[in-house]
Each structure stands twice: as C-alpha cells, then as structure tokens.
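Here is the structure we will look at.
Bear in mind these aren't lab numbers, they're just calculated from the coordinates by the rules spelled out. What you are looking at is a predicted structure, and each value in this text was computed from that prediction instead of being measured. All Cβ positions, even for glycine, are placed from backbone atoms using ideal geometry, and neighbour counts span all protein chains on display.
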Amino acid sequence: MNICVMIKEVVDVELNIRARNGSLIEEGLNYVISSWDEIAVEAAIQIMEAAGGGTITVMNIGPERATDTLRRALAMGADKAIHILDEALEGSDSFAFAKTFAKITADKNYDLILGGRQAEDTDAGLTMSMLAEFLDLPQATNISKIEAVDSDKLTLHRRGDNGIEIMEVTLPAVVTVNDSLFEPRLATMRGIMMAKKKPIETVCLKDFGMDPVMVGSAGRKTTVVRLIEPETRESGQLFEGDEEETTKQVLELLVNEDIGDENLFS
C-alpha cells in the first residue's frame, strides 16, 4: 500500500505562547509535529503493517526548519519525505495548502492520504477535506478506530454528532484521524539514526507546476487579523476543614456572589 501523510509544523502548545501588538512573539518558541498529524503517522504505520507492506511518504509545507518535523516522522517509521519549500507559500491558509497538496499529489497514485483532524495552531480542520474535494476522492473524517484493512478498502469507526458511525471507504481515499485513535510511538535511537539516511526531497512550486498566485497572500481565502492572549484567570478560593461546614461556606458564596448585575440563582 502506498500511503502519504500530510504533517504540519506547529508551535509547541505546551510552552508559554505570547502575543504582542496582535502578533506572535517568536523568541523562545519550539516547533513540533501537530499532535493529530503525529497520530496520522502512527496510523499509517499500523495500516501498512496490516496490509502486509508498502511505502509511507510524509509531506509538509514549511520553512527550512520544518525538515526537523519530517525527520521525526521518518524516525517513527515513515520511509521517505517531501518538503515543499517556497517563499511564495508564506501567508498561506488552509485553501492554499490544500491546493498545493492537490497539485503535487495528483499524479503520485497514493492509495491513501492521511492527516490529522485539525492542526494545533489554527484548529481549522479544513485542509484535508478540501484536498479530497480537489482530488475528487472519497473522504472519512475524525476516525477513532480502524477495524479492518483490505487492499481496496478500509473499515473505519467515525465519531459523528450522534454516536459512532461505522463505514467502509473505497481506496484511494483521504482520511483524517481523531486524537483518540492511537498513542504515537516514541522514536527509538535506531529509528533516529536510520532517519538520517532516509531521503527528503525538497521541491518548490515550479517543480510541480504550481502557480504562485494560487498560494500565499494572493491565494488565501482567510486572513488572521490579530492574535489576542486570553485573560489571566483569577486564582480560586480554597475551603478547608469539616466537610459539612465547608459545604455551607461554598453554597453561601455561590448564592451571594455577584456575577455581572445578576445573582447566580436569580
């Protein structure tokens, strides 16, 4: 099976992310694979193992430092990588990313294109669905379980609005994974060493005939106007002592505390 996994380099959300004057403060930031995409890499490895073999290609769009995230995916077990590196892509949104991925994958005959349900930086969840539309492929989103793998189809569980949906998807297809699907494996020292020898192909837009006007500031459909840090939450009040007495204190506080101009229980 020939699988491609789309991964995105994002700011490590475990760190303290700060904004100033509506823009992100770059100093001190660390960049990692978006956690949903990391789960998609794990899914690709397990699907390939169930299918009895194949090739996994990881692909991303990003600056030169994004090579590190590709190496991470290769260390997990992917076979090769494609890094789309072009200054014209700066300022792209989900639409521009999907157009780029569609153009470069159109003639590569992937049996399955995988990605995370959404990215940790924008939480948009749009790129993979638009990619499926541009490639005219069936898609399954928010997958929480892979029940069966056949040469020409997958049986999947999807988290829907009203419960778990069980579906069969005919390949080739585009699939996005839920964060509950798998726990991504840690790269072993052997995997890290092997990743250094695995090929990373770096391409620019002209290499696969992509018009720069379709991406970046010119091609995007949405714009981030500004970034706003959330307000700092006030520290809570701790009640200690006898359970009956502290319960009374809590109830008294809730009843008498002002919330705007209205009482909590009015």
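Kindly flag which residue pairs out of Lys108/Lys206; Lys108/Lys196; Lys99/Lys197; Lys145/Lys196 have an alpha-carbon separation exceeding 20 Å in this structure.
Exceeds cut-off: Lys108/Lys196; Lys99/Lys197; Lys145/Lys196.
When Lys and Arg each count +1 and Asp and Glu each count -1, what net charge do the other residues less than 11 Å away from Pro184, Cβ to Cβ, add up to?
Residues close to Pro184 contribute a combined charge of -3.
In whole angstrom, note down how far apart the Cα centers of segment 31-70 and segment 86-109 are.
Distance between centres, Cα-based: 17 Å.
Just to confirm a number: summing +1 for Lys and Arg and -1 for Asp and Glu over residues other than Leu154 whose beta-carbon lies under 15 angstrom from that of Leu154, what do you get?
-4
Taking K and R as +1 and D and E as -1, what net charge do the other residues with C-beta under 9 Å from the C-beta of Ala173 add up to?
Neighbour charge sum, excluding Ala173 itself: 0.
For Ile143, enumerate residues with amide H under 5 Å from its amide H, sequence gap 5+ or separate chain, H modeled in the peptide plane.
Hits under the 5 Å cutoff: Thr176, Val177, Asn178.
Which trypsin sites (Lys or Arg not before Pro) does segment 203-241 hold that lie in a coil by DSSP with at most 10 other beta carbons within 10 Å?
Lys221, Arg226, Arg233
Within the chain, what's the longest run with no GluC sites (Glu not before Pro) in a DSSP loop and at most 14 other beta-carbon atoms within 10 Å? Give the range, please. It would help to have the intermediate numbers written out before the result.
Working: sites that count: Glu14, Glu26, Glu27, Glu90, Glu231, Glu234, Glu240, Glu257.
The longest such stretch corresponds to 91-230.
Mean 1/r over all different Cα pairs, inverted: what Kirkwood radius does segment 148-194 give, in Å? Kindly include the intermediate steps, with their values, before the conclusion.
Working: mean 1/r = 0.0754 Å⁻¹.
Kirkwood radius, segment 148-194: 13.3 Å.
Using the Karplus curve 6.51 cos²θ - 1.76 cosθ + 1.60 with θ = phi - 60°, what ³J(HN,Hα) values do you get for each residue of segment 32-44, in whole Hz, with x for Gly and Pro?
Ordered by residue, 3J(HN,Hα) equals 9, 6, 3, 4, 5, 5, 5, 5, 5, 5, 4, 4, 4 Hz.
For segment 54-100, build the convex hull from the C-alpha positions and give me its volume per residue in Å³.
So the per-residue hull volume is 77 Å³.
Where the only charges are on Cβ atoms (+1 Lys, Arg; -1 Asp, Glu), what is the dipole of segment 2-219 about its Cα centre, to the nearest 20 debye?
With Lys and Arg at +1 and Asp and Glu at -1, about 520 debye.
Please say if the chain is rounded, prolate or oblate, where rounded means a/c under 1.5 for a ≥ b ≥ c the square roots of the C-alpha gyration tensor eigenvalues, and otherwise the choice is prolate for a/b larger than b/c and oblate otherwise?
prolate
What shape does segment 121-266 have by the C-alpha gyration tensor, where a ≥ b ≥ c are the square roots of the eigenvalues, rounded means a/c under 1.5, and otherwise prolate means a/b greater than b/c and oblate the rest?
prolate
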